[in-house]
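Take a look at the structure below.
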Amino acid sequence: MPKWNTGPAPETRVSRSHLSAPRRTREKITVLQGGRAIAALGVLLLHAAILIESHGQARPPGWTFLDWGELGVDFFFVLSGFIILHAHANDRRGLAAASSYAWRRITRIYVPYLPLVLAIIALYISFPSLGAEKNWSLFTSLTLIAAEWPPAPALSVAWTLIHEVMFYAIFLLSYCTPRFQWLIAAWVVLIGMTNYLPITIAEVTLPPALQATLNVFLAPINIEFVAGMIAAVTVRSLSLVWARVVLVVGIAGLVGFFAVEGISRVWFGVAMAIVIAGLVRIEISGSIAVSRWLLLLGNASYAIYLIHGPVISITSDIIARFELHWLVNMTVCTALGLGGGVLYHLLFEKPALSYVNRWRAKGFYIDGKSAT
């Protein structure tokens with residue numbers, strides 16, 4: 001693996017002994033979990049407002065800030081880059097470590113996702129009128145690989161997972177080359193050249209699946225994965241004093257994003273990566289605490305992200321018949337979206353992931369340690 005010494009840590013866990021005082025305990029980076037919760041809530045609120053508006057109930061004045069909920073996606077992209085590099089930068093190169101990494105990423109994405117999308121697909125097949133307007137793709141829905149542009153998974157929010165899967169596949173290259181950093185740098189340059197420079201490229205007709213894959217690969221939002229990785233590298237070398245400076249710089253970047261109209265969302269992602277680097281380092285010093293309920297929502301954020309769409313879609317259809325106040329409708333949709341996600345996390349996602357990892361660990365060990 002590339003010599004990016006960020007300290008080994010599964011998922012969103014970090015050993016304080018790698019970054020500060022020598023201790024043997026491993027603790028969650030709670031600011032990241034708290035951020036997950038806020039990001040998932042922001043996406044949910046935006047989608048609830050859109051669905052309620054689709055039933056003829058416009059948002060009252062002063063609630064346009066809900067549009068910022070789409071930035072929760074950008075936060076998740078930055079976070080993915082941070083966590084992947086932080087957790088796997090010190091892995092050994094080779095087939096065994098690559099297999100372990102691929103297993104963890106595949107199960108983390110697909111185990112919670114597939115039951116939901118299979119249920120939606122069954123519903124669309126049984127009642128074709130429900131999915132007629134979406135023109136969804138069975139292949140993309142099941143594999144999270146773009147076969148057309150724009151991608152059309154049966155579960156609408158899964159378009160982001162297509163980028164996640166691609167990023168995980170790209171990171172897999174780090175297990176077979178010591179020059180992974182240069183590959184990432186080349187990727188960013190290609191994205192910049194094709195999206196931000198006035199360069200005219202000769203038009204070439206490509207097969208739809210190849211064109212869709214290329215579009216996903218060169219999408220500007222992928223820069224946020226890279227920003228997250230850079231943040232993970234930065235945390236290891238930050239002193240507490242410089243962490244506070246970095247945090248202020250990141251916050252200034254966020255202020256600039258909201259102050260300048262029409263600026264690219266990538267600006268938000270880069271600024272958020274800087275904020276994350278500062279916050280994580282400050283938390284490691286013991287200066288930040290996150291409430292338990294926010295941690296619970298953070299742990300359930302992926303489940304909330306996956307399940308909230310179908311839940312609030314059904315809910316908004318039902319409550320529209322009662323002509324309730326807009327705020328009441330929003331409250332009901334939000335509560336059920338969050339509650340459904342937490343229940344899915346506790347009753348299925350968490351035990352299912354635990355089961356598949358135990359099954360994998362029974363016969364797969366590296367250097368005496370479980371590879372999963």
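How many residues are of a type in the set (K, R) and under 16 Å from V275 (Cβ atoms) when one looks only at segment 225-239?
Qualifying residue count for the region: 0.
Can you find, within segment 210-266, the residue that is modelled with the lowest pLDDT among those that are within 15 Å of V78 (Cβ to Cβ) and of a type in the set (G, A, S)?
Per the stated criteria, the residue is S264.
Could you tell me whether any residue of segment 85-93 is of a type in the set (A, V, I, L, M, F, W, C) and free of Cβ contacts under 8 Å to residues at least 40 places away in the same chain?
No, the conditions are met nowhere in segment 85-93.
State all residues of segment 296-334 that are more than 16 Å from A49 (Cβ to Cβ) and either open to solvent by 40 Å² or more (accessible area, probe 1.4 Å) or not in a helix (DSSP H, G or I) (or both); if no residue qualifies, say none.
L296, N299, A300, P310, I314, I318, R321, F322, E323
Inspect all residues belonging to segment 218-225 and state whether any of them is among the polar types (S, T, N, Q) and crowded, with 18+ Cβ neighbours inside 10 Å.
yes
Pairs under 7 Å by beta carbon, first residue more than 12 Å from L327 (Cα to Cα) in segment 47-64, partner of a type in the set (A, V, I, L, M) and part of a helix (DSSP H, G or I), six or more apart or different chains?
H47/I312; L51/I312; H55/A320
So S137 fits all but one of (1) modelled with pLDDT under 90; (2) surrounded by 16 or more Cβ atoms within 10 Å (Cβ to Cβ); what number is the exception?
So the condition that S137 fails would be (1).
For A119, state whether it is among the small types (G, A, S), open to solvent by 30 Å² or more (accessible area, probe 1.4 Å) and within 25 Å of S313 (Cβ to Cβ).
Yes.
Test of understanding: among I106, I84, which residue is within 28 Å of L41 (Cβ to Cβ), open to solvent by less than 10 Å² (accessible area, probe 1.4 Å) and either touching a Cys at 6+ places or on another chain (Cβ under 9 Å) or not in a loop (DSSP other than H, G, I, E, B) (or both)?
I84
Please pick out the residue among P178, P150 that is exposed (fewer than 14 other Cβ atoms within 10 Å of the Cβ) and closer than 27 Å to Y124 by Cα.
That would be P150, the only listed residue that is exposed (fewer than 14 other Cβ atoms within 10 Å of the Cβ) and closer than 27 Å to Y124 by Cα.
Kindly indicate which of L123, L114, L118 is out of contact with any Lys or Arg (no Cβ under 8 Å at 6 or more places or on another chain), at pLDDT 95 or above and more than 23 Å from L41 (Cα to Cα).
Of L123, L114, L118, the one residue that is out of contact with any Lys or Arg (no Cβ under 8 Å at 6 or more places or on another chain), at pLDDT 95 or above and more than 23 Å from L41 (Cα to Cα) is L118.
Please verify whether segment 213-221 includes one or more residues that are among the aliphatic types (A, V, I, L, M), outside any helix (DSSP H, G or I) and within 30 Å of F139 (Cα to Cα).
Yes: one or more hits.
Check off (1) more than 17 Å from E70 (Cα to Cα); (2) touching a Pro at 6+ places or on another chain (Cβ under 6 Å) for R292 and give me the number that stays unchecked.
(2)
What pairs come up if the first residue lies in segment 293-312 and is of a type outside the set (D, E), the second is open to solvent by less than 30 Å² (accessible area, probe 1.4 Å) and part of a loop (DSSP other than H, G, I, E, B), and their beta carbons are under 9 Å apart, counting only those six or more places apart or on different chains?
G298/T12; L306/L155; G309/L155; P310/L155
Do the conditions hold for Y365, that is, is it open to solvent by 70 Å² or more (accessible area, probe 1.4 Å), under 25 Å from the mean Cα position of the chain (by Cα), modelled with pLDDT under 95 and not basic (K, R)?
No; evaluated as a whole, the condition is false for this residue.
The values are calculated or read from the model by the stated rules, or taken from the named source; none is laboratory data. As the structure is a computational prediction, the values presented were derived from the model and not from experiment. Cβ: placed from backbone, ideal geometry, glycine included. Neighbour counts: every protein chain shown. Note: accessible area is taken over every heavy atom of the protein model, side chains too, but ligands, DNA and RNA are not part of it. Shrake-Rupley method; radii C 1.70, N 1.55, O 1.52, S 1.80 Å.
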